[in-house]
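Q: Mind having a look at this structure? Questions to follow.
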Amino acid sequence: MSRVEVEKKVLNENQILAEQLRERYREHGVLCVNLISSPGSGKTLLLEKTLERFDKGTRVAVLTGDLQTENDAKRLAKYGFPVKQIVTGGTCHLDARMVEKHLADWKLEDLDLLIVENVGNLVCPSSYDLGEAAKIVLLSTTEGEDKPLKYPSIFFKSELMVLTKIDLLPYVPFKAELARENARRVHPGMEILELSSTTGEGLDVWMNWLEARRVKAKAKPIPA
Amino acid sequence: MHELGIASSILESVEKEAQHHPGCRISRVGVKIGELAGVDADALQFGFECLVKDTEWEKLVLQVEWIPRVQRCLKCQNEFRMADYDPQCPKCGEFATQCISGEELDIAYMEVDE
């Protein structure tokens, strides 16, 4: 019997594809973000409000994942930007191959921003790199403040937490300060934004965050 | 929830490795799963057993090593096991600490019977 040391990622194939996507985004100066949350935290509504605020000429596209239905793509297509639904047919997360496949008809040189809306799930999407520049996790005020402690993996891996539905704060027992504290216990230094897609409060800060990251992605490295 | 997919990826890696060892049998595959990987070891083991049942890989053993989250203090370099999501360095009290292990989802080794 001999022992072969392997030392490779279990999801090696996904990782290779994700790195290829990341390189393609980098080459074309495209910012790709991966939106992750529980079902019903407000990913699609936030995207609607985001697309609504973009100028018509904004070079943005959206990939939206769900187990079934084209409902989200229909909702998002109203704003006039390219949108494609990824129907996973039961799979609880998106992987790099699905993203690559659905990007095939789009030219990355026509884009500045690609927003991927993952399947509503706080567990599995955290394991699959999609080549994004940043994972963004949403937590809504109708959930528990301890979500970051219950699902540490995704809060640890996300660069930004967006606290949604803050218009409901007067009516729900949710303590925003405790949620922020829990998120930073799992991920010290994590960026946190708060907003309401319904009232529009905090949307400017979100749009500015996206814009700042987009500009950063666009900046070409200085030739040596 | 996605452990069956993970199990399937592990089996694919074993099948690939087996091609380098013609005439031999891979009897064991060792994986490392970090606390932050979001993968349940029991569900993975169960998924793996379902996957190999009644196949040529039926006797293949999946050995899971669980890796706890370890932080390194950015001030005094002390390394400590992070308990209850408390990032503070127990030695010097610094809050700025960095995660150095616990994210693993790796295949570590395979045992090949000649």
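The values are calculated or read from the model by the stated rules, or taken from the named source; none is laboratory data. Predicted model only: the values in this text are computed from it and were never measured. Quick reminder, even Gly has a Cβ in these numbers, built from the backbone with ideal geometry, and neighbours come from all protein chains shown.
Q: Pairs only if they're at least six apart or on different chains, beta carbon under 6 angstrom, first in region A:75-95 and among the polar types (S, T, N, Q), second surrounded by fewer than 18 Cβ atoms within 10 Å (Cβ to Cβ); list them, first residue then second.
A: Close Cβ pairs (under 6 Å, with a partner that is surrounded by fewer than 18 Cβ atoms within 10 Å (Cβ to Cβ)) amount to A:GLN85/A:GLU70; A:THR88/A:LEU67.
Q: Given the conditions (1) surrounded by fewer than 21 Cβ atoms within 10 Å (Cβ to Cβ); (2) assigned to a helix (DSSP H, G or I); (3) within 14 Å of chain B (Cβ to nearest Cβ), and given that A:ALA179 satisfies all but one, which numbered condition is not satisfied?
A: For A:ALA179, the failing item is (1).
Q: Residue by residue through region B:67-114, note down the ones that are among the polar types (S, T, N, Q), part of a strand (DSSP E or B) and either under 23 Å from B:GLY30 (Cα atoms) or more than 13 Å from chain A (Cβ to nearest Cβ) (or both).
A: The answer is B:SER101, and nothing else.
Q: Working only within region A:185-218, note down all residues that are part of a helix (DSSP H, G or I), surrounded by fewer than 19 Cβ atoms within 10 Å (Cβ to Cβ) and without any contact (Cβ under 8 Å) to a residue 60 or more places away in the chain.
A: A:ASP204, A:VAL205, A:ASN208, A:TRP209, A:GLU211, A:ALA212, A:VAL215
Here is a yes/no grid of residues against (1) closer than 30 Å to B:VAL14 by Cβ; (2) of a type in the set (Lys, Arg); (3) free of Cβ contacts under 8 Å to residues at least 24 places away in the same chain; (4) not in a helix (DSSP H, G or I):
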| site | (1), (2), (3), (4) |
| --- | --- |
| A:ASN14 | yes, no, no, no |
| A:ARG22 | yes, yes, no, no |
| A:GLU48 | no, no, no, no |
| A:ASP55 | no, no, yes, yes |
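Q: Select, from A:VAL137, A:VAL83, the only residue that is crowded, with 22+ Cβ neighbours inside 10 Å and either closer than 29 Å to B:ASP86 by Cβ or among the small types (Gly, Ala, Ser) (or both).
A: When all the criteria are applied, what remains is A:VAL137.
Q: Next question, about the same structure. Can you tell which of A:VAL6, A:VAL33 is within 14 Å of another protein chain (Cβ to nearest Cβ), crowded, with 16+ Cβ neighbours inside 10 Å and β-branched (Val, Ile, Thr)?
A: Within the list A:VAL6, A:VAL33, the selection yields A:VAL6.
Q: For the list (1) at positive phi; (2) within 15 Å of the chain's Cα centre (by Cα), I need the number of the one condition that B:GLY23 fails.
A: Of the numbered conditions (1) at positive phi; (2) within 15 Å of the chain's Cα centre (by Cα), the odd one out for B:GLY23 is (2).
The rows are residues; the columns are (1) part of a helix (DSSP H, G or I); (2) surrounded by fewer than 18 Cβ atoms within 10 Å (Cβ to Cβ); (3) among the polar types (S, T, N, Q).
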site: B:LEU4; (1), (2), (3): yes, yes, no
site: B:SER8; (1), (2), (3): yes, yes, yes
site: B:LYS16; (1), (2), (3): yes, yes, no
site: B:HIS20; (1), (2), (3): no, yes, no
site: B:ILE26; (1), (2), (3): no, no, no
site: B:VAL29; (1), (2), (3): no, no, no
site: B:VAL39; (1), (2), (3): no, no, no
site: B:ALA43; (1), (2), (3): yes, yes, no
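Q: So, in region A:145-176, of the ones that are touching a strand residue (DSSP E or B) at 6+ places or on another chain (Cβ under 6 Å) and assigned to a loop (DSSP other than H, G, I, E, B), which residue ends up surrounded by the fewest Cβ atoms within 10 Å (Cβ to Cβ)?
A: Here the answer is A:GLU159.
Q: I'm trying to understand the selection: among the residues of region A:156-182, which are under 19 Å from A:GLU132 (Cβ atoms), at pLDDT 95 or above and among the hydrophobic types (A, V, I, L, M, F, W, C)?
A: Answer for region A:156-182, where residues must be under 19 Å from A:GLU132 (Cβ atoms), at pLDDT 95 or above and among the hydrophobic types (A, V, I, L, M, F, W, C): A:LEU160, A:MET161, A:VAL162.
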